[in-house]
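Each remark here refers to the structure printed beneath this line.
The values are calculated or read from the model by the stated rules, or taken from the named source; none is laboratory data. Just so we're clear, the structure is a prediction, and the values are computed from it rather than from any experiment. Cβ placement follows ideal geometry from the backbone for every residue including glycine, while neighbour counts extend to all protein chains displayed. Side chains are part of the model used for accessible areas, which takes the heavy atoms of the whole protein and leaves out ligands, DNA and RNA. Shrake-Rupley method; radii C 1.70, N 1.55, O 1.52, S 1.80 Å.
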Amino acid sequence: MNYISTRGNTAPMQFSDVLLMGLAPDGGLMLPETYPQIDRATLDKWRSLSYTELAFEIMSLFATDIPQDDLKILIDKTYTKTAFGTDEITPVRTLKDGIKILELSNGVTLAFKDMAMQFLGNAFEYVLKQKNKRLTIIGATSGDTGSAAEYALRGKDNIDVFMMSPHGKMSEFQRAQMYSLMDDNIHNIAIDGMFDDCQDIVKAIQQDKAFKDKYQIGTVNSINWGRILAQIVYYFKGYFNATNNNDERVSFCVPSGNFGNVCAGHIAREMGLPIHRLIVATNENDVLNEFFKTGKYIPRKASETYITSSPSMDISKASNFERFIYLLIGKNGDELNHLWQDVSSGKGFDLSHLLHDANDKYGFVSGKSTHADRIATIKAVWESDKDLLDPHTADGVKVAREVRLADEVIVVAETALPAKFAETIIEAVGQIDIPRPPHTKDIESLPQKVVVLDNKAELVKEQIEKFVKL
Ligand SMILES: *Cc1c(COP(=O)(O)O)cnc(C)c1O
């Protein structure tokens, strides 16, 4: 399978090269030339497969330059009961009102990002070994992404991780999760500043070409194709778990920020999975909701982005959105370039003439949830079902209830566990003991490894020079 860039100016590449990439050289995102088509007979066969068997069937369609036996080993090593809590890996539970919850957050950092990142960690290690390369991963995090990346890459050969986080701005639990990792290849750096300052440092280091080349700097952000691929699998598994046969159509509702998770659902639907609608749920930062309602995409600056109680969705420029828009405008790289120039300049674009396609042909619907909505939803579901939702999942359930059609079965993606966001849960339901998986029970009392630095890229570079052995 060939991979091409949405901007049309990158030579076709194979999976293992795309895996290690951030942006394509022409500034676009890499994606398969065409999405493989799954026919009815194949779907029927896949229905009874285990998670790892299904992952192998799907991933081997995309990762065509990795020998099948090796791919199988990578998958079997990643999706285990030990790592994800059950043999099903992503079980589905049903609320009293019929809404189904797809459990994607039973991995080590209690957020859905583990589903893709754990695979990526193993795949990176494998591909680096094959190519005789090493990588220095740098990143900025305000919570979920950084911890998922660190847990996926800890102890891996030929990879060092330098993760910047804003000093004193994360929850105690999130700090403990990241800073308690003692592995030699994991380096936590608390920057005296905000999340945006951390992100600016990442950019500054990437723009220093000599330094970037010398230390083989890379990232694991949500535009990474390997992450999208790993996420496609659980739409298939979630569909099979939520239905009795392949004539049933279900909708998925996805709490969204960077459009990574729901983009995987969109690709599964393009492959022929009988997904009725893809419901994009946003929080107060609602640029995606605005697009699917009006056809206008007007990204906002960081300074115009609200800090909310579903913080992992506090995003006003959805980095994966380009993969869908590329298809929507008929795979026209030149036009896409123009649209994204207007995104970069802050103007955004108006595709209202294609809104009908976005909704009808591609099945997208959207809705928005506010702080009051998510608090009310957590409280209501706790009272009716004795089921605790995390704030992001609550945004999804709120929107699902709002847009649900008669007889529509909606599967809401559970993107985190409530233990990660104790403050908001307690605001919603009062003081209770929020269940925690055993490995996180006393995490706050473990020793921590972190250096605190002034907000200067030079200081971070010094850390990289000090610790990376070339
Ligand atoms: C990352 C994240 C999201 C948003 O997912 P995208 O792929 O960026 O749309 C939603 N909820 C939680 C808990 C997350 O960590």
Taking the range 388-411 and the residues there that are in a loop (DSSP other than H, G, I, E, B) and open to solvent by less than 10 Å² (accessible area, probe 1.4 Å), the one that is farthest from A176 (Cα to Cα) would be L389
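Listed here are the residues, each with its yes/no results for (1) touching a helix residue (DSSP H, G or I) at 6+ places or on another chain (Cβ under 8 Å); (2) part of a helix (DSSP H, G or I); (3) of a type in the set (S, T, N, Q).
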| site | (1), (2), (3) |
| --- | --- |
| M1 | yes, no, no |
| L23 | no, no, no |
| G28 | yes, no, no |
| P36 | yes, no, no |
| L49 | yes, no, no |
| E53 | no, yes, no |
| E57 | yes, yes, no |
Discussion item. On the basis of being touching a residue at least 60 places away in the same chain (Cβ under 8 Å), farther than 18 Å from T136 by Cα and touching a Cys at 6+ places or on another chain (Cβ under 9 Å), does I189 make the cut?
Written reply: no
Of the residues in the range 412-443 that are touching a strand residue (DSSP E or B) at 6+ places or on another chain (Cβ under 9 Å) and in a loop (DSSP other than H, G, I, E, B), the one that is surrounded by the fewest Cβ atoms within 10 Å (Cβ to Cβ) is L417
(Q) Regarding the range 192-199, can at least one residue be identified that is in contact (Cβ under 8 Å) with a residue 60 or more places away in the chain, open to solvent by less than 10 Å² (accessible area, probe 1.4 Å) and not hydrophobic (A, V, I, L, M, F, W, C)? (A) no
D184 acidic (D, E) and either within 16 Å of the ligand (Cβ to nearest atom) or more than 30 Å from R436 (Cβ to Cβ) (or both) = no
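Residues in the range 87-138 that are within 16 Å of the ligand (Cβ to nearest atom) and closer than 22 Å to V262 by Cβ: how many? Show your work before the answer.
Narrowing the range 87-138 to residues within 16 Å of the ligand (Cβ to nearest atom): 90, 101-120.
Filter again for closer than 22 Å to V262 by Cβ, leaving 90, 101-107, 109-120.
Residues meeting the conditions: 20.
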Taking the range 241-299 and the residues there that are away from the ligand (no atom under 13 Å from the Cβ) and among the small types (G, A, S), the one that is surrounded by the fewest Cβ atoms within 10 Å (Cβ to Cβ) would be G272
Those residues of the range 83-115 that are in contact with a Ser or Thr (Cβ under 9 Å, 6 or more places away or on another chain) and either part of a loop (DSSP other than H, G, I, E, B) or open to solvent by less than 10 Å² (accessible area, probe 1.4 Å) (or both) come to a total of 19
Restricted to the range 344-383 and to residues being within 25 Å of the chain's Cα centre (by Cα) and among the basic types (K, R), the residue surrounded by the fewest Cβ atoms within 10 Å (Cβ to Cβ) is K361
For the range 270-297, pairs from a residue that is in contact (Cβ under 8 Å) with a residue 24 or more places away in the chain to a residue that is open to solvent by less than 10 Å² (accessible area, probe 1.4 Å) and of a type in the set (D, E, K, R), with Cβ under 7 Å and 6 or more apart or across chains, are A281/D395; N283/D395
Exception for E172 within (1) within 22 Å of P418 (Cβ to Cβ); (2) crowded, with 22+ Cβ neighbours inside 10 Å falls at (2)
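Let's see how each residue does on (1) assigned to a loop (DSSP other than H, G, I, E, B); (2) under 28 Å from K169 (Cα atoms):
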residue	(1), (2)
R277	no, no
E290	no, no
I307	yes, yes
S312	no, yes
I315	yes, yes
S319	yes, yes
E322	no, no
L336	no, no
Matching residues in the range 40-54 (within 24 Å of the chain's Cα centre (by Cα) and not hydroxyl-bearing (S, T, Y)) number 2
Residue set L446, L453, L459; condition in contact with a Leu (Cβ under 8 Å, 6 or more places away or on another chain) and open to solvent by 30 Å² or more (accessible area, probe 1.4 Å); output residue L459
Just one listed residue, out of K129, K113, K72, is under 30 Å from V381 (Cβ atoms) and out of contact with any Leu (no Cβ under 7 Å at 6 or more places or on another chain), and it is K113
Over the range 215-234, the set of residues assigned to a loop (DSSP other than H, G, I, E, B) and either surrounded by fewer than 24 Cβ atoms within 10 Å (Cβ to Cβ) or without any contact (Cβ under 8 Å) to a residue 40 or more places away in the chain (or both) is Q216, T219, N221, S222, I223
Of the listed residues (K237, K212), the one being away from the ligand (no atom under 16 Å from the Cβ), modelled with pLDDT of 90 or more, charged (D, E, K, R) and surrounded by 20 or more Cβ atoms within 10 Å (Cβ to Cβ) is K237
Restricted to the range 307-343 and to residues being within 15 Å of the ligand (Cβ to nearest atom) and among the hydroxyl-bearing types (S, T, Y), the residue surrounded by the most Cβ atoms within 10 Å (Cβ to Cβ) is S310
Per the filter on the range 167-186, residues among the charged types (D, E, K, R) and in contact (Cβ under 8 Å) with a residue 40 or more places away in the chain are E172, R175
